[in-house]
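> Have a look at this one before I ask anything.
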Amino acid sequence: MNAIDLTPLYRSTIGFDRLASLLDHALTKESTTGGYPPYNIEVLDENRYAITLAVAGFTNEELNIQVEHGVLTVQGNKNSKENRNYLYQGIANRSFERKFNLADFIEVTGAQLNNGLLTISLVKEIPEAMKPKTIAIQQVGGQVLEHGVLSKKGVPVEKAA
């Protein structure tokens with residue numbers, strides 16, 4: 001495995017500690033992770049997303065969705081232990097757990113199970129304090145100086161040449 005040096009990232013950013021742990025986790029994750037159930041992640045518009053999982057054969061009672069510390073966890077627990085004699089069994093009938101790391105300010109707004117597809121709705125809700133704002137620039141004393149210096153009282157003072 002190749003090591004990634006994140007030092008340049010830390011030189012110019014503040015508060016991105018979680019990013020390093022996400023990268024490290026993604027790079028060290030076992031490649032044998034199962035692909036069950038298959039899923040799609042869709043961008044609906046600038047601030048809305050949807051995750052759709054193919055969970056055919058599961059009921060609402062057998063599915064569990066939780067969000068904790070920025071991680072969305074979807075679990076499916078099949079409780080039926082029916083003894084059947086299959087000639088061929090191609091339909092997965094097993095329990096699963098899928099985890100999705102959520103960015104800051106992503107909130108889960110709902111989930112819907114329809115025709116074997118579980119759709120989880122997400123929205124990016126940036127707090128008002130975090131949104132960009134324009135700062136007005138005021139002039140001192142109504143005068144604009146190009147080459148002079150203002151004293152503490154706002155009166156222009158000539159520079160010594």
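The values are calculated or read from the model by the stated rules, or taken from the named source; none is laboratory data. Computed from a prediction, not measured in an experiment: that's the story for all the values here. Backbone-built Cβ (ideal geometry, glycine too); neighbour counts: all protein chains shown. Note: accessible area is taken over every heavy atom of the protein model, side chains too, but ligands, DNA and RNA are not part of it. Shrake-Rupley method; radii C 1.70, N 1.55, O 1.52, S 1.80 Å.
> When all protein chains stay in place, what accessible area (Å², nearest 10, 1.4 Å probe) is found for Thr73?
20 Å²
> Now a separate question. Compute the projected area of the convex hull of the Cα atoms of segment 53-116, averaged over all viewing directions, and report it in nm² to one decimal place.
Computed as one quarter of the Cα hull surface, the answer is 5.4 nm².
> Still on this model: At R0 = 45 Å, how high is the FRET efficiency between Asn47 and Tyr88 if r is their beta carbon distance? Nearest 0.05 is fine.
0.50
> In square nanometres, what is the average projected area of the Cα convex hull of segment 87-140?
Orientation-averaged projected area of the Cα hull: 6.8 nm².
> If I stretch the segment between Ser121 and Leu19 completely, what's the gain in nm (0.36 nm per residue apart, minus their alpha carbon distance), one decimal?
That pair, Ser121 and Leu19, stretches by 34.4 nm at full extension.
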